[in-house]
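Written out below as structure tokens is the structure these notes cover.
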Amino acid sequence: MPVTSPASLTKIKTEFGGPNNLSAYVRGGSYVPNITPLNAISTTTAGLAISQFLNASILNASLPQHDAGLGYDVNLTASGGPNGTFNSWAACSLILRADGSGTYRESNVNTGDNDFNFTWLLSGSASSYYGYLDTPTGDSPTSGTVATSLQLNTTREWQWYVESPYPDGGYISANATGNLRIKNSGGTDLAVVSYSILAGATSGGI
């Protein structure tokens, strides 16, 4: 979890995983990446101070949100002849990967994937962390496990998929709200993002 107040060398060591020596934690060194969220930390030992590490974290504790809280609104209309060979589908996905990257993905029959990418892990090993999707209010995902801590040593994905067959399927939708969490091995929340998803597909007419 982020270095809390009062900041201390012990807390810095716990967060960044280095030795019991403040000079090891310069930004851009072996333990602290040289990235914008950690700009308060000095790149030189002469300028380094424990107070610079307050709230510093190897996690991106403010996971970005797309469209006001992951608000996807995908409504599609199938097209094609009356032989029923065309259908309409839409999907929304939340993805966390072991390389520290993540994606909010919207997919549909017309345009394929549209990705909104972010970084959730700034430094260290993803296998030390766990993805957890609360049981949603509304529709559960059509793939991906909910209410279970999933070690992030591999890609974890939750997807809501809907399909309306041509020509008589009408409007099919999935609507869900909830929280996506990153936890440590002890089950403590380290980062939380809320989401609101609406995926819809509409049959075409003859």
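The values are calculated or read from the model by the stated rules, or taken from the named source; none is laboratory data. These numbers come from a predicted model, not from an experiment. Every residue, glycine as well, gets a Cβ built from its backbone with ideal geometry; the counts of neighbours run over all protein chains shown.
Points worth noting:
- The residues in region 131-174 that are more than 18 Å from residue 95 (Cα to Cα) and of a type in the set (S, T, N, Q) can be counted, and the count is 3.
- Whichever residue in region 47-75 is among the aliphatic types (A, V, I, L, M), outside any loop (DSSP other than H, G, I, E, B) and at negative phi and, among such residues, is modelled with the highest pLDDT: 50
- Strands (runs of 3 or more DSSP E) fully within region 97-144 that include at least 2 residues being in contact with a Leu (Cβ under 7 Å, 6 or more places away or on another chain): 101-108, 130-133.
- Hey, residue 44 part of a loop (DSSP other than H, G, I, E, B), over 23 Å from the mean Cα position of the chain (by Cα), of a type in the set (Val, Ile, Thr) and surrounded by fewer than 19 Cβ atoms within 10 Å (Cβ to Cβ) or not: yes
- Hits in region 10-33 (condition: assigned to a helix (DSSP H, G or I), in contact (Cβ under 8 Å) with a residue 12 or more places away in the chain and surrounded by fewer than 16 Cβ atoms within 10 Å (Cβ to Cβ)): 23
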